[in-house]
1. Considering ILE152, ILE163, which residue is among the hydrophobic types (A, V, I, L, M, F, W, C), within 27 Å of the chain's Cα centre (by Cα) and more than 30 Å from SER396 (Cβ to Cβ)?
2. Between LEU138, LEU171, which is in contact with a strand residue (DSSP E or B) (Cβ under 8 Å, 6 or more places away or on another chain) and within 30 Å of LEU287 (Cα to Cα)?
3. Among the residues of segment 71-83, write down those that are open to solvent by 50 Å² or more (accessible area, probe 1.4 Å) and not in a loop (DSSP other than H, G, I, E, B).
4. Mind listing whichever residues of segment 270-315 are of a type in the set (S, T, N, Q) and touching a helix residue (DSSP H, G or I) at 6+ places or on another chain (Cβ under 8 Å)?
5. Would you mention how many residues in segment 365-374 are out of contact with any Phe, Trp or Tyr (no Cβ under 8 Å at 6 or more places or on another chain) and at pLDDT 90 or above?
6. Of all residues in segment 374-395, count the ones that are open to solvent by 20 Å² or more (accessible area, probe 1.4 Å) and outside any loop (DSSP other than H, G, I, E, B).
7. Can you tell me which condition ILE163 does not meet? The list is (1) out of contact with any Lys or Arg (no Cβ under 7 Å at 6 or more places or on another chain); (2) of a type outside the set (D, E, K, R); (3) surrounded by 20 or more Cβ atoms within 10 Å (Cβ to Cβ); (4) assigned to a helix (DSSP H, G or I), and all the others hold.
Amino acid sequence: MDEFILETKGISRDFSGVRVLHSVDSSFKRGIIYGIVGENGAGKSTLMKIISGFLQPTEGKIIVDGKETNLNPLKAKALGIVLIPQELNLVDSLRVYENIFLGNEISGKILLRKKEMIERSRELIERFNLVISPLRMLSELSPAEKQLVEIIKAISKNARLLIMDEPTSTLSEREVENLFNLIKRMKGEGITVIFISHRLKEVKEIAEEIIVLRDGRKVFQGPAKDLSEREIAEMMVGRKLSEMYPEKPKPKENVVFKVEDFSSVDGKVKDANFEVHEGEILGFYGLVGSGRTELMETIIGIRKKLRGKIIFKGEELSINSPWEAKDRGIVYLPEDRKSAGIIEILESYKNTTLMNLEKHIQLLLKKSSEVSTFNSYVDWFSIKVRSPYQIAKTLSGGNQQKVVISKLVETGAKLFIFDEPTRGVDVNAKRQIYRIMRDLIDKINATFIVVSSDLPEIIGISNRVYVMRSGRIVAELQEKEISEKNLIYHATGV
């Protein structure tokens, strides 16, 4: 039997008297790729911070190379255990080779040995068949290339166990493929990789062994080939997924929103025509670059319209900004929650009331009114938050998304355009968001346009789907026609 590089025995961790990890046993062998999955709050990050020395366990022990060890970040790195966080620790104003050796510079008697660091960086880059010059400024690289530099930086420190936290969250499909090729080459050199992701399809593709955490407990560790994505998801949430999607709404016959001959100035959207019925969930599907997001951004006034009409409730509208759209009862949930949906440094309650502050002004802004409003959404949307004053950045992805949705609902809008509404959230939060959408249709007579690259999501929630390719709408699928085969057929044009 292969020796374990690292084991955890009965690892528990408390925060402020609350236990978030419960007696977790896990084991990691040399040269194996492990996938770790679980909902937000399941304990994934806490366990990985303990393994990499950034947190100390309340109970239990860590065994490295067969010996019980007390870890801190420096000792973990010395033992070849390296954590690559979701937010990369790189410096844009430095060159690639300087980032690779940052904190671990090669120095002579007086000066740094730059030539040696450049050459060592080039050797590492070529060893893994990458095409990045060690002399390039980091600021010139794409997010995917920066990710690769962070990995090379870890390997330069003789990493034996590399922990990657949500490494594909900002990558395209091609970039994910390149990253997976690099991970497989690292495996070939005997490096153990722990891959943490919400994307179960990717975990199934890359991992040989899967660890499932739920509510701070390990509920499974075993071969990935033995499990389907559905079985993994069901272990994560502790229930069957037959109720993942609520019953689809029954739209009314009247058309509440219509787009005619619509094109954008930048050419990303060409001659779009579609309509939405009141109380409907209308899906938009297409591959990366198909124009889905660009169409919605042009409708909402983020991008400039070249020509075409928008008709809402029988009235032609001229919309030049999201604020103008909001005033007409149309709101947009952006694809990138962190940069465009939520203000991370603000308290949670302020994010909810931000777009409708006039409602809470009585000579002065009334905090108690804002907090009361936020608390009503906490109950309605099941937002997990310690208090209304909790900083939004510290919420899980799913709870941040629910706060953004509460902000949009608070405006009084009736037409909601949701772009990738469940990206980066866990399985249970997805289920809750789908139910929030259905609840809004039933309670406030809402209508939805949903852009998504998640095929099961589009199939599971949409009454109809428009498919886009190369900036154009190329197909309209009625509910009985919505299938993975038909969606991919029209999206690829094969």
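1. Working: ILE163 fails: more than 30 Å from SER396 (Cβ to Cβ).
Unique residue meeting the criteria: ILE152.
2. After applying the criteria, what remains is LEU138.
3. LEU74, LYS75, LYS77, ALA78, listed by residue number.
4. Listed by number, the list holds a single entry, SER290.
5. 1
6. 8
7. Going through the list (1) out of contact with any Lys or Arg (no Cβ under 7 Å at 6 or more places or on another chain); (2) of a type outside the set (D, E, K, R); (3) surrounded by 20 or more Cβ atoms within 10 Å (Cβ to Cβ); (4) assigned to a helix (DSSP H, G or I), ILE163 breaks only (4).
Matching residues to (1) surrounded by 22 or more Cβ atoms within 10 Å (Cβ to Cβ); (2) part of a helix (DSSP H, G or I):
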{"residue": "GLY190", "(1), (2)": "no, no"}
{"residue": "VAL193", "(1), (2)": "yes, no"}
{"residue": "HIS198", "(1), (2)": "yes, no"}
{"residue": "GLU202", "(1), (2)": "no, yes"}
{"residue": "GLU205", "(1), (2)": "no, yes"}
{"residue": "VAL212", "(1), (2)": "yes, no"}
{"residue": "GLY222", "(1), (2)": "no, no"}
{"residue": "LYS225", "(1), (2)": "no, yes"}
{"residue": "ALA233", "(1), (2)": "yes, yes"}
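The values are calculated or read from the model by the stated rules, or taken from the named source; none is laboratory data. This structure is a prediction, so every number in the text was calculated from the model and none was measured. When we count neighbours, we look across all protein chains shown, and the Cβ atoms used for this are built from the backbone with ideal geometry, even at glycine. Accessible surface is based on the protein model in full, side chains and every heavy atom, while ligands, DNA and RNA are left aside. Shrake-Rupley method; radii C 1.70, N 1.55, O 1.52, S 1.80 Å.
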